[in-house]
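K.L.:
I'd like to ask some things about the structure below.
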Amino acid sequence: MTPESKKQICPIVRLLENISKKWTLLILKSIMNGAISYSDIERQVDDINPSILSARLKELQDIWFIDKKVISDSPVKIEYHLTKKWKSFEPILDNITDWAMQEK
């Protein structure tokens, strides 16, 4: 079975590939407190390259974990916020975190 066919069969593989990319969970964490601008995310996620941040935000939009909202036209103001899909995943992530922190 090729890696590509595994992705098509298993949504868990696709999910883990997306959220395990460097910076992704830190970006999501920065958005968890409410709508936030690109520059605020950039400040909160230390040392992230702007092109990587843009790419990760696009990927998170593509998997419906975040939405991008244009607030005003002049000057353009954009905010990012978590979707219902991500919010429904947070308890699962909390359970995974609890499980990972358990001792033997």
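Laboratory data are not the source of any read-out in this text; all were calculated from the coordinates shown. Computed from a prediction, not measured in an experiment: that's the story for all the values here. Cβ sites come from the backbone with ideal geometry, for glycine too, and all protein chains shown count toward neighbours.
K.L.:
Over 18 Å between Cα atoms: which of Lys21/Lys84; Lys58/Lys85; Lys21/Lys58 fall into that group? Walk me through the numbers before you get to the answer.
P.N.:
Working: Lys21/Lys84 21 Å; Lys58/Lys85 16 Å; Lys21/Lys58 13 Å.
Where the Cα-Cα span goes over 18 Å, the pairs concerned are Lys21/Lys84.
K.L.:
Let me ask something additional. Could you compute the FRET efficiency for Leu93 and Lys68, with r as their C-beta to C-beta distance and R0 at 25 Å, rounded to 0.05?
P.N.:
For R0 = 25 Å, the calculated efficiency reads 0.70.
K.L.:
Could you list which residues have their amide H under 5 Å from that of Ala35, counting only those 5 or more apart in sequence or on another chain, with H placed in the peptide plane?
P.N.:
Those qualifying (amide H under 5 Å, at least 5 residues apart or on another chain) number zero.
K.L.:
Have a look at Ile66, Ile31, Ile92 and tell me which one the Gaussian network model of the chain (Cα, springs below 10 Å) gives the largest fluctuation.
P.N.:
Maximum among the listed residues: Ile92.
K.L.:
I'm a student and want to see the number: the projected area of the Cα convex hull of the chain, averaged over all directions, in nm². All intermediate terms of the calculation are to be shown ahead of the outcome.
P.N.:
Values: hull surface 35.4 nm².
Computing the convex hull of the Cα atoms and averaging its projections yields 8.9 nm².
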